[in-house]
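Peer 1: I have a structure I would like to understand better, so I am pasting it below and will then ask my questions one at a time.
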Amino acid sequence: MTRVWIAIGLVCVILTLSYSEYYLCRNTSEELLEITKQIEAEDDYEQIEEYCNQMKEIWNSRKSMLEAFLYHSDADDIDNSLEKIGRLAEYKDMEKIYTECGVLQNKLISMSEAETVRPHNIL
């Protein structure tokens, strides 16, 4: 009987971790995607820097939890993109900001889709 309770406990832990991973990745990517869309629509570089700081705050507050689930290289790529956007806003280079926002959006969409329950993700 003890083995049954241990098995049930393990299944509950696995389900809890899976749900928290899915929710955390999806929620983080949706919030950051929304801010990148606001950056692309903005012309004021000071506002872009504020948006970039908001994204860094969101990312840094969740990064330690996300690194438990993501590849470290993916987390580093997102870190680098956020840093590039901030620096490009300082140098007022809108074309490269658009490009880097596109790169960041692709990474965030990929992060969100990788955690979705789909047959090709399971196999």
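The values are calculated or read from the model by the stated rules, or taken from the named source; none is laboratory data. Since we're looking at a predicted model, the values are computed, not measured. Cβ: placed from backbone, ideal geometry, glycine included. Neighbour counts: every protein chain shown. We work out accessible area using only protein heavy atoms, side chains counted, and drop any ligands, DNA or RNA first. Shrake-Rupley method; radii C 1.70, N 1.55, O 1.52, S 1.80 Å.
Peer 1: So which of 75, 89 is touching a Leu at 6+ places or on another chain (Cβ under 8 Å), open to solvent by less than 50 Å² (accessible area, probe 1.4 Å), among the small types (Gly, Ala, Ser) and in a helix (DSSP H, G or I)? Give the steps one after another, and end with the answer.
Peer 2: On the way: 89 fails: touching a Leu at 6+ places or on another chain (Cβ under 8 Å).
Of 75, 89, the one residue that is touching a Leu at 6+ places or on another chain (Cβ under 8 Å), open to solvent by less than 50 Å² (accessible area, probe 1.4 Å), among the small types (Gly, Ala, Ser) and in a helix (DSSP H, G or I) is 75.
Peer 1: Right, something else. Assess whether residue 65 counts as being of a type outside the set (Phe, Trp, Tyr) and open to solvent by less than 70 Å² (accessible area, probe 1.4 Å). It would help to see each step written out before you state the result.
Peer 2: Values: of a type outside the set (Phe, Trp, Tyr): yes; open to solvent by less than 70 Å² (accessible area, probe 1.4 Å): no.
The answer is no for residue 65.
Peer 1: Any residue at all in the stretch 3-21 that's touching a Ser or Thr at 6+ places or on another chain (Cβ under 9 Å), part of a helix (DSSP H, G or I) and crowded, with 16+ Cβ neighbours inside 10 Å?
Peer 2: Checked the stretch 3-21: no residue is touching a Ser or Thr at 6+ places or on another chain (Cβ under 9 Å), part of a helix (DSSP H, G or I) and crowded, with 16+ Cβ neighbours inside 10 Å.
Peer 1: What pairs come up if the first residue lies in the stretch 1-22 and is without any contact (Cβ under 8 Å) to a residue 12 or more places away in the chain and over 25 Å from residue 109 (Cβ atoms), the second is open to solvent by 70 Å² or more (accessible area, probe 1.4 Å) and of a type outside the set (S, T, N, Q), and their beta carbons are under 9 Å apart, counting only those six or more places apart or on different chains?
Peer 2: none
Peer 1: Within the stretch 87-123, how many residues turn out to be under 14 Å from residue 36 (Cβ atoms), hydrophobic (A, V, I, L, M, F, W, C) and at pLDDT below 85?
Peer 2: Of the residues in the stretch 87-123, 1 are under 14 Å from residue 36 (Cβ atoms), hydrophobic (A, V, I, L, M, F, W, C) and at pLDDT below 85.
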